[in-house]
Amino acid sequence: MSRPQPLSGFPELLPRQRIVEQQVVDHLRRAFELHGFANLQTRAVEPMDQLLRKGETSKEVYVLRRLQADERDASDAELGLHFDLTVPFARYVLEHAGKLNFPFRRYQIQPVWRGERPQGGRYREFWQADIDIVDLGELPAHYEVEVALVVADALRGLPVPKVRMHVNNRKLSQGFYQGLGIRDTEEALRIVDKLDKIGPDATAKLLIDGVDATPEQAEACLKLAAIRTEDASFVEQIRALGVTDPLLDEGLTELAAVVDAVAKEAPGFVVADMKIARGLDYYTGTVYEVFIEGQEHLGSVCSGGRYDKLASDGKNTYPGVGLSIGVSRLLVPLLQAGKLDATREVPTCVLVAVANEDERPEANALAQRLRRRGVPTQVSPSAAKFGKQIKFADKRGIPFVLFVNDEGTQIKDIRSGDQVTVDVDAWNPPADDLHPRITAE
């Protein structure tokens, strides 16, 4: 068999990198639970009609097929892998509404699949960490502030470069386009959402060709998209463009409230950015995108927004607001560039040396005594020379080797060379050595 080649867009991490990822996920889980979010896990597949009914996703969905399925068997024919966690969550709410208490707060940390062209920061299989708050009938606007602050808390404690949240409001943008006289405001939103990728000239051309905008209307759209402030002063700048519409007024009020509240609680975290649109149709209010400062080319590492009609059974509507942290998009480039690492590649804190194979049962017993007290421990794989067993530990970053000699049970710090006699049932490693730690460049 020839050596396998990696599949583009499906990143696989090395053990040290995986430790970093696991600790980041654990940190996010703790942060979400501190804010009262309950954990869910939804299935990997959803009906195609659900996956395709909102936004430009038809080219990105992986369809589920059995290799030797009978053409007459349509049981799997209409299933696809989920491309985000919001659509599955909306379905989950509708399916289990009678068993949930509203407002319902949930978090999910799962892989998703998206059939797009792999490039820097974009993958076909990747992990997301989502939070959402949904309510029955009406969702108070203060939740649009709360989810932003939850993400600020969660990201603040991670060893990653500085990030900033860019926010806009779909009502603001659509109201502005309506005030200009553009009819297909949703398509205009999707076009403006491509501004950073294709540039202003191409965006203007798409607006003219795609929504029959005049050159003057396209120019006004670009002027709106260019507005960016760290406070609510965007309101005056937009008013100065001379466009009026009731929906625009509503969006301005809502966005100003979010920017003011988030800036007060998390200074320097939020930016009002009128070019943020979010391409998915289900967003109806505030929309968010978070970027690593200086690495905006990687795209947003966290995004989301408010959706009022995504979950509806015809009788009841469950509006919600949520944000999704792209765990893979955030971590994989940093890991591959060596910006993040772990202090060792295994959880093991102590290696119990084996003098000879006849003494392996005693070594196993010593290891078990340490494990009972929460010290990650493994036994040497062979009774090699002591120097080779130390080398085995050193190669994996294991800081301590435990062994028995004429002086008793001793522990050796292989980094410093310090060696002391210990009581196995009382000795504890330094807190920083008990588990691997994330290091950042």
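The values are calculated or read from the model by the stated rules, or taken from the named source; none is laboratory data. Quick caveat: nothing in here was measured; it's all calculated off a predicted structure. Every residue, glycine among them, receives a Cβ derived from its backbone with ideal geometry; neighbour counts consider all protein chains shown. For the accessible areas, the whole protein counts, side chains as well, though only heavy atoms, and no ligand, DNA or RNA atoms are used. Shrake-Rupley method; radii C 1.70, N 1.55, O 1.52, S 1.80 Å.
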Expected single match for in a loop (DSSP other than H, G, I, E, B), open to solvent by 50 Å² or more (accessible area, probe 1.4 Å) and either over 18 Å from Val354 (Cα atoms) or touching a strand residue (DSSP E or B) at 6+ places or on another chain (Cβ under 7 Å) (or both) among Asp425, Asp432 is Asp425
Filtered residues of region 341-356 (kept if open to solvent by 10 Å² or more (accessible area, probe 1.4 Å) and not in a loop (DSSP other than H, G, I, E, B)): Asp341
Inspect all residues belonging to region 54-61 and state whether any of them is in a strand (DSSP E or B) and either at pLDDT below 95 or among the aliphatic types (A, V, I, L, M) (or both). no
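It is to be established whether one or more residues within region 232-253 are outside any helix (DSSP H, G or I) and closer than 16 Å to Met165 by Cβ.
yes
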I need every pair where a residue in region 387-398 that is over 20 Å from Pro15 (Cβ atoms) and acidic (Asp, Glu) has its Cβ under 7 Å from the Cβ of a residue that is loosely packed, with under 13 Cβ neighbours inside 10 Å and at pLDDT below 95, sequence separation at least 6 or different chains. none
Under 7 Å between Cβ atoms, which residue pairs at least 6 apart in sequence (or on different chains) link something in region 17-38 that is surrounded by fewer than 20 Cβ atoms within 10 Å (Cβ to Cβ) with a partner that is outside any helix (DSSP H, G or I) and of a type in the set (D, E, K, R)? Gly36/Arg105; Ala38/Arg105; Ala38/Arg106
Residues (buried (at least 24 other Cβ atoms within 10 Å of the Cβ), of a type outside the set (S, T, N, Q), touching a Ser or Thr at 6+ places or on another chain (Cβ under 7 Å) and under 20 Å from Phe234 (Cβ atoms)) located in region 167-191: Arg170, Tyr177
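Being within 26 Å of Asp341 (Cβ to Cβ) and in a strand (DSSP E or B) is true for just one of Ile411, Ile390. Which residue is that? Step through it out loud before you land on a result.
Values: Ile390 fails: in a strand (DSSP E or B).
Ile411 is the lone residue from the list that is within 26 Å of Asp341 (Cβ to Cβ) and in a strand (DSSP E or B).
Might you check whether a residue that is among the hydrophobic types (A, V, I, L, M, F, W, C), surrounded by 19 or more Cβ atoms within 10 Å (Cβ to Cβ) and under 13 Å from the mean Cα position of the chain (by Cα) occurs anywhere in region 109-121?
Scanning region 109-121, I find at least one residue that is among the hydrophobic types (A, V, I, L, M, F, W, C), surrounded by 19 or more Cβ atoms within 10 Å (Cβ to Cβ) and under 13 Å from the mean Cα position of the chain (by Cα), so the answer is yes.
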Residue list for region 195-221, filter: farther than 16 Å from Arg170 by Cβ, of a type outside the set (Gly, Ala, Ser) and under 30 Å from the mean Cα position of the chain (by Cα): Asp196, Lys197, Ile198, Pro200, Thr203
